[in-house]
Amino acid sequence: MLNVSGLACSRGERRLFADVSFSLAAGEWLHVQGENGAGKTSLMRLLVGLSSADAGKILWREEPAPSTEFRRDLIYLGHHAAVKEDLTPLENLHLAAALDGIALDERTSLAALIRLGLRGREELPVRVLSAGQKRRVLLARLLTRPAVLWVLDEAFNALDVSAVRLLGDLIAEHLSTGGMAVLTSHQPLPVPGGKALVL
Amino acid sequence: MQWNSVGEFFAMGGYAFYVWGSFGACAVLMVAEPLLAKRRLSEVRQSLIRERLADELDLQQRTQ
Amino acid sequence: MNALLATVRRDLLLALRRKSEVLTAVFFFVIVTSLFPLGIGPEPVLLKKIAPGILWVAALLATLLGLPRLFAADHMDGTLEQMALSPSPLGLLVAGKILAHWLLCGLPLVLLAPVLGLQFDLDASALAVLTVALLLGTPLLSLIGAIGAALTLGVRGGGVLLALLVLPLYIPALIFGAGAVEAHIAGLGSGGHLSLLAAMLALAVFFAPWATTAALRVALE
Amino acid sequence: MRQSIIQWFRFASPQSFYPLAGRLIPWFWGAAAAFGIAGLWISFFVAPTDAQQGEGYRIIFVHVPASWMSMFIYLVMAFWAGLGLALNTRVSGMMAQALAPTGALMAALSLWTGALWGKPMWGAWWVWDARLTSELILFFLYLGFMALQAAIDDPRRADKAGAILALVGVVNIPIIYFSVKWWNTLHQGSTINLNKAPSMAQTMLWGMLMMALCFWMYSIAVALLRVRAIILERERHTEWVKHAVE
């Protein structure tokens, strides 16, 4: 479903990578590896359509991405917290859903927050939560926002042992229902299978 | 030709300051701008030539 | 359309949690307009003559004050990135943010202007024209300002640069806005000015969100 | 048809534009000098003394061409910027960047000569005349464009942001000009206008035309010179640049 061919990217004068090609089918995931500065994040941003490639093509369901359909199927979590500090976790989830034009009932959002271990913090402003808990609020979007392709950049950072296991389970569940994922990480990931791409 | 003498020409009927001020400013700036642009070009060129020389010297030292 | 309203609701909710930021611009407007009589002297005829210009310049600067924050916070915490990747068109979300900015920074000025106009001895009909002119003009200021805010997002010295980029583009709004009130006071009728202001607003509603979106995509790259 | 499009795109690459610009520059300098000599000859020795403004009116022979060029260069700049945005050609952005300082210079000259004309004619260095005011705003627009480009480190982003600003500016210029004119008539503008010498004789028109052509050729030459520097600065890490300089 996702076909990437001949992708090239340079930052300023420096060529980061060239001729990156891979494809993903339902239930598959890709582990993007590489040293610091190898261009993992640049590849992720290229992939989701935040920046444009020097060369190469990205096809989603045989159509060139980024299209509206691609964006509907995509969820991207990057380095940023991407949550509003002044709002509560619950408000954050609901406002994000509203911006995306997706219906979200309170049952689903509450269940997502509880699954991510935020019981009792649903109505506190995010500002008072710890860094790891903020990260969990963001991860809750994986449960409230239906998407086929998950692009997670360093999603396992700043998470404790139980959260790492939880995220691993979430990804495994997602893959088993026909989803796809592209992940970057330095450490081995608690998700079975997966293709590897070294930059 | 309406000028009877060089002095009259430069006096510009009493408007010398204004007329020569205008034409003079144009002349000065329109000479200065190309010179600045030219200097910018030669500076880049010089630094490129320096870099190439450095490359050559580097290569020489390595082959020795 | 729902996405637009959702953005408006979100930004209003956020502003409600941080009231001080909204109130700064309003206080600025009040203080600046009150400073002029103190600097110029209390002569009613003169004050009446310069009132439209002062109120408009103050409104312009007050709008400018809130502009750097329009996208900066969302840019910092990554929510702007999420908006750019949302299935909803970014143009609509941007339009929503601009509308919210106007509701927070522009509308209070419109509502306050008649009160401040009293300081300058403007009569009731002149105050009405002033309010209508600001009602048409302040959204225009928000729309044009949004382009500048997007262009200078995350750029060195962004705030000052924003003023340099946006203020020249504000001149037509200032001329027709203040001109409407002056023409009314002079007995010439303000219809022409106001309809030109409305025409510019229509043009800006159409183009500004589009240009802002393009600038934001460049800034996010 | 297809062949000619490819031909055009060949020149759109910095690598082929750099030597092309180098070959063209002397021709434009020559043309600028020829038109300049002809223009100056007409301005000082052929054009008669004006009955109303005396010799002071001769300022229009530089003021009007500078004003024309300052507006024209903004249009050309916006054209290149739009081309760069639409086709993603690298040279376009560099051209826009190279043109801006020359445009700003022309606007500055127009303001300076306008002030020098205004002092003897209106008795004041600065009068809020519609043309001068628009010129001042245009000058600000140039400064904004240059400041924005200077503030952004990544040249690709600088080009794109500058392009959007130039296009916004070009939409606004007619609106600004019109609004300033309207404002000026409402506030009783000046009666003598710098740009309409009362008895605009044929020879005066010729003088202005020659000087305008001189300024035009000059602008092209200096912009090409600057774009060559910009090309080398930006492409300094490519292979071809290493061989381009001797």
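The values are calculated or read from the model by the stated rules, or taken from the named source; none is laboratory data. Just so it is clear, the model here is predicted, and its values are computed rather than measured. Methodologically, a virtual Cβ is constructed for each residue, glycine included, from the backbone with ideal geometry; neighbour enumeration extends over all protein chains shown.
Of the residues that make up the range D:136-144, is at least one touching a His at 6+ places or on another chain (Cβ under 9 Å) and among the aromatic types (Phe, Trp, Tyr)? Lay out the reasoning, then the answer.
We begin by selecting, within the range D:136-144, every residue touching a His at 6+ places or on another chain (Cβ under 9 Å); these are none.
No, every residue in the range D:136-144 fails to be touching a His at 6+ places or on another chain (Cβ under 9 Å) and among the aromatic types (Phe, Trp, Tyr).
What is the number of the single condition among (1) on the phi > 0 side of the Ramachandran plot; (2) modelled with pLDDT of 90 or more that D:Gly169 does not meet?
Evaluating D:Gly169 over (1) on the phi > 0 side of the Ramachandran plot; (2) modelled with pLDDT of 90 or more leaves (1) as the failure.
For the range C:156-173, enumerate the residues that are within 7 Å of another protein chain (Cβ to nearest Cβ) and touching a residue at least 12 places away in the same chain (Cβ under 8 Å). Steps first, please.
Kept after step one, since they are within 7 Å of another protein chain (Cβ to nearest Cβ), are these residues of the range C:156-173: C:156-157, C:161, C:164-165, C:168-169, C:171-172.
Once the filter is applied, which keeps residues that are within 7 Å of another protein chain (Cβ to nearest Cβ) and touching a residue at least 12 places away in the same chain (Cβ under 8 Å), the range C:156-173 yields C:Leu165, C:Leu169, C:Pro172.
Would you check which residues across the range C:12-60 are at pLDDT below 90, within 20 Å of C:Trp102 (Cα to Cα) and in contact with a Gly (Cβ under 9 Å, 6 or more places away or on another chain) and list them?
C:Glu21, C:Val22, C:Thr24, C:Ala25, listed by residue number.
From (1) hydrophobic (A, V, I, L, M, F, W, C); (2) under 20 Å from A:Glu106 (Cα atoms); (3) at the interface with chain C (Cβ under 8 Å from one of its Cβ atoms), pick out the condition that doesn't hold for A:Ala81.
With (1) hydrophobic (A, V, I, L, M, F, W, C); (2) under 20 Å from A:Glu106 (Cα atoms); (3) at the interface with chain C (Cβ under 8 Å from one of its Cβ atoms) applied to A:Ala81, the lone miss is (2).
For the range B:47-64, enumerate the residues that are closer than 25 Å to D:Ala98 by Cβ and more than 9 Å from chain D (Cβ to nearest Cβ).
Across the range B:47-64, the qualifying residue is only B:Arg50.
Considering each of B:Ser42, B:Ser22 in turn, give the residue that is more than 21 Å from D:Ile231 (Cα to Cα) and polar (S, T, N, Q).
Working: B:Ser42 fails: more than 21 Å from D:Ile231 (Cα to Cα).
That would be B:Ser22, the only listed residue that is more than 21 Å from D:Ile231 (Cα to Cα) and polar (S, T, N, Q).
Has the range D:95-102 got at least one residue that is within 21 Å of D:Gly56 (Cβ to Cβ) and within 12 Å of another protein chain (Cβ to nearest Cβ)? So that I can check it myself, show each step before the final result.
Here is the first cut: in the range D:95-102, the residues within 21 Å of D:Gly56 (Cβ to Cβ) are none.
No, the range D:95-102 contains no residue that is within 21 Å of D:Gly56 (Cβ to Cβ) and within 12 Å of another protein chain (Cβ to nearest Cβ).
If I go through the range A:165-178 residue by residue, how many of them are surrounded by 22 or more Cβ atoms within 10 Å (Cβ to Cβ) and either small (Gly, Ala, Ser) or in contact with a Gly (Cβ under 6 Å, 6 or more places away or on another chain) (or both)?
0
Starting from residues that are out of contact with any helix residue (DSSP H, G or I) (no Cβ under 6 Å at 6 or more places or on another chain) and either under 30 Å from C:Thr213 (Cα atoms) or at pLDDT 90 or above (or both), keep the ones in the range D:45-75 and report whichever is surrounded by the fewest Cβ atoms within 10 Å (Cβ to Cβ).
D:Leu75
Does C:Val110 count as more than 14 Å from chain A (Cβ to nearest Cβ), surrounded by fewer than 18 Cβ atoms within 10 Å (Cβ to Cβ) and aliphatic (A, V, I, L, M)?
Details: more than 14 Å from chain A (Cβ to nearest Cβ): yes; surrounded by fewer than 18 Cβ atoms within 10 Å (Cβ to Cβ): no; aliphatic (A, V, I, L, M): yes.
No; evaluated as a whole, the condition is false for this residue.
Starting from the range D:107-123, take each residue that is closer than 12 Å to D:Pro65 by Cα and list its partners that are in a helix (DSSP H, G or I) and among the β-branched types (Val, Ile, Thr), counting only C-beta distances under 8 angstrom and pairs at least six apart or across chains.
Listed pairs, sorted by first residue: D:Leu109/D:Val62; D:Thr113/D:Ile59; D:Thr113/D:Val62.
Against the condition more than 10 Å from chain C (Cβ to nearest Cβ), in contact with a helix residue (DSSP H, G or I) (Cβ under 8 Å, 6 or more places away or on another chain) and surrounded by 17 or more Cβ atoms within 10 Å (Cβ to Cβ), how does A:Arg121 come out, does it pass? Explain how you work it out, then say what you get.
Numbers: more than 10 Å from chain C (Cβ to nearest Cβ): yes; in contact with a helix residue (DSSP H, G or I) (Cβ under 8 Å, 6 or more places away or on another chain): yes; surrounded by 17 or more Cβ atoms within 10 Å (Cβ to Cβ): yes.
Judged against the criteria, A:Arg121 is a match.
Six or more apart or on different chains, Cβ atoms under 6 Å: show the pairs whose first residue is in the range A:49-61 and touching a residue at least 60 places away in the same chain (Cβ under 8 Å) and whose second is of a type outside the set (A, V, I, L, M) and surrounded by 15 or more Cβ atoms within 10 Å (Cβ to Cβ).
Partner pairs satisfying both residue conditions: A:Trp60/A:Phe70.
Going by the structure shown, is C:Leu70 in contact with a Phe, Trp or Tyr (Cβ under 7 Å, 6 or more places away or on another chain) and under 23 Å from C:Asn2 (Cβ atoms)? Working first, answer last.
Values: in contact with a Phe, Trp or Tyr (Cβ under 7 Å, 6 or more places away or on another chain): no; under 23 Å from C:Asn2 (Cβ atoms): yes.
The answer is no for C:Leu70.
Give the number of residues within the range C:169-199 that are surrounded by fewer than 22 Cβ atoms within 10 Å (Cβ to Cβ) and under 16 Å from the mean Cα position of the chain (by Cα).
So the count comes out to 3.
Any residue in the range C:118-131 that is within 23 Å of C:Ala215 (Cα to Cα) and of a type in the set (Ser, Thr, Tyr)?
Of all residues in the range C:118-131, those within 23 Å of C:Ala215 (Cα to Cα) come to none.
No; the residues of the range C:118-131 include none that is within 23 Å of C:Ala215 (Cα to Cα) and of a type in the set (Ser, Thr, Tyr).
List, please: which pairs have Cβ atoms under 8 Å, are six or more places apart or on different chains, and start with a residue in the range C:174-195 that is closer than 17 Å to C:Ile50 by Cβ and end with one that is exposed (fewer than 14 other Cβ atoms within 10 Å of the Cβ) and modelled with pLDDT under 85?
Listed pairs, sorted by first residue: C:Ala183/C:Gly189.
Any idea which of B:Gly24, B:Gly7, B:Gly14 is touching a strand residue (DSSP E or B) at 6+ places or on another chain (Cβ under 9 Å) and loosely packed, with under 14 Cβ neighbours inside 10 Å?
B:Gly14
Condition (residue is touching a Leu at 6+ places or on another chain (Cβ under 7 Å), more than 14 Å from chain C (Cβ to nearest Cβ) and either part of a helix (DSSP H, G or I) or modelled with pLDDT of 95 or more (or both)) applied to the range D:216-224: is it met by at least one residue? Steps first, please.
Applying the first criterion (touching a Leu at 6+ places or on another chain (Cβ under 7 Å)) to the range D:216-224 yields D:223-224.
Now restrict to residues that are more than 14 Å from chain C (Cβ to nearest Cβ): D:223-224.
Next, from what is left, pick out any that are either part of a helix (DSSP H, G or I) or modelled with pLDDT of 95 or more (or both): D:223-224.
Scanning the range D:216-224, I find at least one residue that is touching a Leu at 6+ places or on another chain (Cβ under 7 Å), more than 14 Å from chain C (Cβ to nearest Cβ) and either part of a helix (DSSP H, G or I) or modelled with pLDDT of 95 or more (or both), so the answer is yes.
Might you let me know whether the range A:27-34 holds any residue that is crowded, with 19+ Cβ neighbours inside 10 Å, of a type in the set (Gly, Ala, Ser) and either in contact with a helix residue (DSSP H, G or I) (Cβ under 8 Å, 6 or more places away or on another chain) or within 20 Å of C:Thr79 (Cβ to Cβ) (or both)?
No, that holds for no residue.
Search the range A:127-145 for residues being more than 11 Å from chain C (Cβ to nearest Cβ) and not in a helix (DSSP H, G or I), and hand back the single one that is nearest to C:Leu13 (Cα to Cα).
Just the residues of the range A:127-145 that are more than 11 Å from chain C (Cβ to nearest Cβ), to begin with: A:128-133, A:135-137, A:139-140, A:142-144.
In the following step, the residues that additionally are not in a helix (DSSP H, G or I) were identified as A:129-130.
Numbers: A:Leu129: 20, A:Ser130: 23 Å.
Residue satisfying both the conditions and the ranking: A:Leu129.
Got at least one residue in the range A:17-26 being surrounded by 20 or more Cβ atoms within 10 Å (Cβ to Cβ), in contact with a helix residue (DSSP H, G or I) (Cβ under 8 Å, 6 or more places away or on another chain) and either closer than 22 Å to A:Thr177 by Cα or among the hydroxyl-bearing types (Ser, Thr, Tyr) (or both)?
Looking through the range A:17-26, none of the residues is surrounded by 20 or more Cβ atoms within 10 Å (Cβ to Cβ), in contact with a helix residue (DSSP H, G or I) (Cβ under 8 Å, 6 or more places away or on another chain) and either closer than 22 Å to A:Thr177 by Cα or among the hydroxyl-bearing types (Ser, Thr, Tyr) (or both).
Could you tell me which residue of the range D:157-172 is farthest from the chain's Cα centre (by Cα), considering only residues that are farther than 17 Å from D:Leu99 by Cα and surrounded by fewer than 19 Cβ atoms within 10 Å (Cβ to Cβ)?
Across the range D:157-172, the extreme among qualifying residues is D:Arg157.
Taking the stated definitions as given, is C:Thr138 among the polar types (S, T, N, Q), within 14 Å of chain A (Cβ to nearest Cβ) and more than 19 Å from C:Ala214 (Cβ to Cβ)?
Numbers: among the polar types (S, T, N, Q): yes; within 14 Å of chain A (Cβ to nearest Cβ): no; more than 19 Å from C:Ala214 (Cβ to Cβ): yes.
Here the answer is no, as C:Thr138 does not meet what is asked.
Tell me which residues, restricted to the range B:4-16, are within 15 Å of D:Leu40 (Cα to Cα) and either at the interface with chain D (Cβ under 10 Å from one of its Cβ atoms) or not aromatic (Phe, Trp, Tyr) (or both). Explain how you work it out, then say what you get.
Start the filter on the range B:4-16 by keeping residues that are within 15 Å of D:Leu40 (Cα to Cα), which leaves B:9-10, B:12.
Result: B:Phe9, B:Met12.
So which residues in the range A:44-78 are over 22 Å from A:Asp19 (Cβ atoms), buried (at least 20 other Cβ atoms within 10 Å of the Cβ) and at the interface with another protein chain (Cβ under 8 Å from one of its Cβ atoms)?
Result: A:Arg71, A:Leu74, A:Tyr76, A:Gly78.
Any chance the range A:22-42 includes a residue that's within 18 Å of C:Arg217 (Cα to Cα) and touching a residue at least 12 places away in the same chain (Cβ under 8 Å)?
yes
Pick out the one residue from B:Leu36, B:Leu29 that is within 8 Å of chain D (Cβ to nearest Cβ) and part of a helix (DSSP H, G or I).
Details: B:Leu36 fails: within 8 Å of chain D (Cβ to nearest Cβ).
Matching residue, one of B:Leu36, B:Leu29: B:Leu29.
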